[in-house]
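S.K.: One structure follows; several queries about it will come next.
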Amino acid sequence: MANVELALPPEERPPAGLRGNRLSRSGSRRLREQIIEILLFLAAFSSVAITVAIVVILVTESVVLFRHVSLWDFLTDTQWTPLFDDAHYGILPLVSGTLVSSAVALLVAIPLGTIIAIYLSEFAPFAVRELAKPFLELLGGVPTVVYGYFALLFVTPLLQKIFPELPGFNLLSAGLVMGIMIIPYVSSLSEDAMRAVPMNLREGSYAMGATRFQTAARVVTPAAFSGVAAAYILGISRAVGETMVVAVAAGMQPNLTWNPMEPAATLTAYIVQVSLGDLPHGSVGYQTIFAAGLTLILITLGFNVIGHLLRKRYREAY
């Protein structure tokens, strides 16, 4: 700006004071932009730094455990009794409980969440959509401990009328309630992904003679698959990391089983159990919670990697 003003004839140049004010305002504007850029960078970097710090702590503390416990025994032993005199450190019982409860939850959440998303996106009137979405999001805001006692005091007795041999603590009721809890995450994100599909794809499908259901199932859903897959992965991560529902309704006794009608402990439930105990800090039993947490992070990371590959493979650009 200063060079342009100097190129003007003297009689057309602005006063020197005005030029100085412009330069000072321009300099202060650049300074503010640099400060904002630094703040935004720090905000973005903080999430990465916190994640790295969590992983470093878990790995560091887990290494202490593996100095006393063989990694092979940790991965292959079928018993998990680190707090007993005859201690065993096999993580498989906790992993099986986590996977079984998550599988039951996903068998509920993914079909129902997808159906709800298709209805809200393609069939529901505007008034119904505006009324239903807040109720769905309200389900996601209910405290998980409430879901846990709902599973223990309502769902389990209801299931025992159908399966009289079902014990009071079981993975089935915990998984069913977890699925209900996850439905808002799956349906809301999937519906947003479907609403983002361009209208001309729907119009082209209608022009070819397709019905609304055929358009929703064969055009809109495949076109929004990357966003729907992201919703599924979020639901899986939510199910794997759930704590209070399984701690209250599934029991806290490690049990290597793939039967959802039996009680079992999950990785998160065990972490809660030990954290509330009186084990001395630095003991081998205390270090097991870090190994369980590291295992949980690796499982979640695996699902997120799969989800990233699916989104990359089926991502559509419009």
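S.K.: Return yes or no: is Tyr232 surrounded by 18 or more Cβ atoms within 10 Å (Cβ to Cβ), assigned to a helix (DSSP H, G or I) and touching a Pro at 6+ places or on another chain (Cβ under 7 Å)? Show your work before the answer.
M.R.: Values: surrounded by 18 or more Cβ atoms within 10 Å (Cβ to Cβ): yes; assigned to a helix (DSSP H, G or I): yes; touching a Pro at 6+ places or on another chain (Cβ under 7 Å): no.
It is false that Tyr232 is surrounded by 18 or more Cβ atoms within 10 Å (Cβ to Cβ), assigned to a helix (DSSP H, G or I) and touching a Pro at 6+ places or on another chain (Cβ under 7 Å).
S.K.: Here's a check for you: in segment 116-125, which residue that is part of a helix (DSSP H, G or I) and either under 18 Å from Val177 (Cα atoms) or not aliphatic (A, V, I, L, M) (or both) is nearest to the chain's Cα centre (by Cα)? Full working, then the answer.
M.R.: Initially, segment 116-125 is screened for residues part of a helix (DSSP H, G or I), giving 116-123.
When the remaining residues are screened for being either under 18 Å from Val177 (Cα atoms) or not aliphatic (A, V, I, L, M) (or both), the result is 116, 119, 121-123.
Details: Ile116: 19, Tyr119: 23, Ser121: 22, Glu122: 26, Phe123: 28 Å.
Here the residue is Ile116.
S.K.: Please go through segment 274-289 and pick out each residue that is in contact with a helix residue (DSSP H, G or I) (Cβ under 9 Å, 6 or more places away or on another chain) and modelled with pLDDT under 80.
M.R.: Start the filter on segment 274-289 by keeping residues that are in contact with a helix residue (DSSP H, G or I) (Cβ under 9 Å, 6 or more places away or on another chain), which leaves 274-275, 277, 279-280, 282, 284-289.
Answer for segment 274-289, where residues must be in contact with a helix residue (DSSP H, G or I) (Cβ under 9 Å, 6 or more places away or on another chain) and modelled with pLDDT under 80: Ser275, Gly277, Leu279, Pro280, Gly282, Val284, Gly285.
S.K.: Separate question: Kindly indicate the residue of segment 195-229 that is aliphatic (A, V, I, L, M) and open to solvent by less than 20 Å² (accessible area, probe 1.4 Å) and also nearest to Ile306 (Cα to Cα) among those meeting that condition. Break it down stepwise before answering.
M.R.: The initial filter retains those residues of segment 195-229 that are aliphatic (A, V, I, L, M), namely 196-197, 199, 201, 207-208, 210, 216-217, 219-220, 223-224, 228-229.
Imposing the further condition that a residue be open to solvent by less than 20 Å² (accessible area, probe 1.4 Å) reduces the set to 197, 216, 220, 223-224, 228-229.
Details: Val197: 23, Ala216: 25, Val220: 22, Ala223: 19, Ala224: 17, Val228: 13, Ala229: 10 Å.
The residue in question is Ala229.
S.K.: Condition (residue is part of a loop (DSSP other than H, G, I, E, B), on the phi > 0 side of the Ramachandran plot and of a type outside the set (Phe, Trp, Tyr)) applied to segment 305-315: is it met by at least one residue? Write out each step before concluding.
M.R.: Applying the first criterion (part of a loop (DSSP other than H, G, I, E, B)) to segment 305-315 yields 315.
Okay, now just the ones that are also on the phi > 0 side of the Ramachandran plot, so none.
No: zero hits.
S.K.: When the residues of segment 27-78 are narrowed to those that are outside any helix (DSSP H, G or I) and touching a helix residue (DSSP H, G or I) at 6+ places or on another chain (Cβ under 6 Å), which ends up least open to solvent (accessible area, probe 1.4 Å)? Steps first, answer last, please.
M.R.: First pass over segment 27-78, keeping only residues outside any helix (DSSP H, G or I): 67-70, 77-78.
Okay, now just the ones that are also touching a helix residue (DSSP H, G or I) at 6+ places or on another chain (Cβ under 6 Å), so 68, 78.
Numbers: His68: 131, Thr78: 77 Å².
By that ranking, first place goes to Thr78.
S.K.: Among what's in segment 272-285 and is of a type outside the set (Asp, Glu) and part of a loop (DSSP other than H, G, I, E, B), pick the residue that is surrounded by the most Cβ atoms within 10 Å (Cβ to Cβ).
M.R.: Leu279
S.K.: Which residue is modelled with the lowest pLDDT, if the candidates are limited to segment 238-255 and must be closer than 30 Å to Leu310 by Cα and open to solvent by less than 30 Å² (accessible area, probe 1.4 Å)?
M.R.: Filtering segment 238-255 for residues that are closer than 30 Å to Leu310 by Cα and open to solvent by less than 30 Å² (accessible area, probe 1.4 Å), the one modelled with the lowest pLDDT comes out as Glu242.
S.K.: A further question on this structure: Conditions: (1) of a type outside the set (A, V, I, L, M); (2) open to solvent by less than 40 Å² (accessible area, probe 1.4 Å); (3) in a helix (DSSP H, G or I); (4) at pLDDT 75 or above. Pro82 meets all but one. Number of the miss?
M.R.: It is condition (3) that Pro82 fails.
S.K.: If you don't mind, another one. Might you check whether a residue that is closer than 26 Å to Val55 by Cα and assigned to a loop (DSSP other than H, G, I, E, B) occurs anywhere in segment 286-304?
M.R.: Taking segment 286-304 as the starting set, the residues that turn out to be closer than 26 Å to Val55 by Cα are 286-304.
Right, trim to assigned to a loop (DSSP other than H, G, I, E, B) and you get none.
No - not one qualifying residue is present in segment 286-304.
The values are calculated or read from the model by the stated rules, or taken from the named source; none is laboratory data. Just so it is clear, the structure is predicted and the values come from calculations on it, not from any experiment. All Cβ positions, glycine included, derive from the backbone under ideal geometry; neighbour counts span all protein chains shown. Please note that ligands, DNA and RNA were not included when accessible areas were found on the heavy atoms of the full protein model with its side chains. Shrake-Rupley method; radii C 1.70, N 1.55, O 1.52, S 1.80 Å.
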